[in-house]
Structures are given as C-alpha cells and as structure tokens.
Amino acid sequence: NRHENLLITGPTGLGKSWIACALGNKACRDDRRVVYHRVPRLFQMLAIARGDGRHARVLKAIERTELLILDDWGLSVLTPTERRDLLEILDDRQGRGSTIVTSQLPVDQWFEVIGDPTLADAILDRLVHNAHRLTLTGDSMRRKMTTMKTLDQGAQP
C-alpha cells in the first residue's frame, strides 16, 4: 500500500529470487497484480515490442502492475536504450507500485552498471530512496545441496 521498494542483494545461490517470488506469491494471494521479469529477458522483450509496435502498450502494462519483480539486475552494463526504458518504467511507477530488485551486486555498484551518470542518478533516485534493503550473506544453497547429495549417495548401501 505504501509503494515502497525492496532491494535484495548478495552472492549467487542464497535465495534472493526465492524470497522475491515468495513475496510476489503473497501479493498475488492478496489480490495484487504482480509481474516477474528477469532483467535481461525484460530488455529483450522490450526491444522486440519496440520493433513490432507494442512498446508503449508493454510499458503501460508494467506501469499498472502493483508489484514488479526485477530479478538478476546488474549482470551487464545497460545499453543506452535499456537505460531509457528502465527510467521510463521506474518513472511511470513512482508512487503507484512497488518494485523488488534482486542483484548479486551491492547497491553502491549499481551506478557503474547503469553506465550514464545522468540517467544513473535519475534511475537510482526513483529506485533506491524509498527502498528497504536486504543484504544476504553466506554460502550458496546450490553448493550445499550438491554436497548433501554427494554425502547422501555415499551413505546408501
């Protein structure tokens, strides 16, 4: 209801996506509109939508979403088009919805991932300043599961 954001950061395999999806699931059960996107695929989808004339419609649909989950933020430096699209998305949603972002990078490194200092300021101003931060630490759950499977397999008669 307060249209606040959540930034979940930490190394790979700690459950960032799982937490974001669990919160999205709860929002769905509370009759809220939720959309999940892996950031690289979101930008691919927007590029295709730009080419076939659906770009404005796709941005409008994202704007109307009550909870937007952006997973795997910061895997690569944004292109100029991606920066503009992200700014449009965040600007349209400002005060209208909440956004959850998951990233392996700490928030203080996001400026470099955006690339352009002016747009980085604008994007981070809309995303970070009304956000809660959850920084995860520890060992990868995937690594732990692999170790457990190996140990379990060795214990069988």
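The values are calculated or read from the model by the stated rules, or taken from the named source; none is laboratory data. Please read these numbers as outputs of a predicted model, since none were measured by experiment. No Cβ is skipped: glycine too gets one built from the backbone with ideal geometry, and neighbour counts run over all protein chains shown. Note: areas computed on protein heavy atoms with side chains; ligands, DNA, RNA excluded. Shrake-Rupley method; radii C 1.70, N 1.55, O 1.52, S 1.80 Å.
Grab the DSSP H runs of the chain that are 4 residues or longer, score each as -39,500 (n - 2.57), total them, divide by all residues and round the 222 nm result to the nearest 500 deg cm²/dmol.
Working: 7 runs with 84 residues, N = 157.
It comes out at -16500 deg cm²/dmol, rounded to the nearest 500.
Segment HIS3..ASP139, full-extension length gain: 45.8 nm, with 0.36 nm per residue of separation and the alpha-carbon distance subtracted. Among THR79, THR12, THR118, the largest mean-square fluctuation in a Gaussian network model of the chain, built with springs joining Cα atoms closer than 10 Å, belongs to THR118.
If R0 is taken as 25 Å, the Cβ-Cβ distance between TRP18 and THR118 corresponds to a FRET efficiency of 0.10.
In the chain, the portion of solvent-accessible area held by carbon and sulfur atoms comes to 53 percent [1.4 Å probe, whole percent, DNA, RNA and ligands not counted]. Its relative contact order, with pairs defined as Cα atoms under 8 Å and 6+ residues apart, puts the stretch 1-90 at 31 percent.
With a 1.4 Å probe and all protein chains left in place, how much accessible area per residue does the chain have, in Å²? Kindly include the intermediate steps, with their values, before the conclusion.
Details: 9360 Å² over 157 residues.
Here the per-residue accessible area is 60 Å².
Given the Cα-Cα distance of VAL77 and CYS28 and 0.36 nm per residue of separation, how much length would full extension add, in nm? Could you put the intermediate results ahead of the total?
Details: separation 49, 0.36 × 49 = 17.64 nm, distance 3.15 nm.
Gain on stretching VAL77 to CYS28: 14.5 nm.
What residues from the stretch 97-115 fall in the zone where the backbone N is under 20 Å from a label point 7 Å along the Cα-to-C-beta line of VAL35? Of the residues in the stretch 97-115, 97-103 have backbone N under 20 Å from the label point off VAL35.
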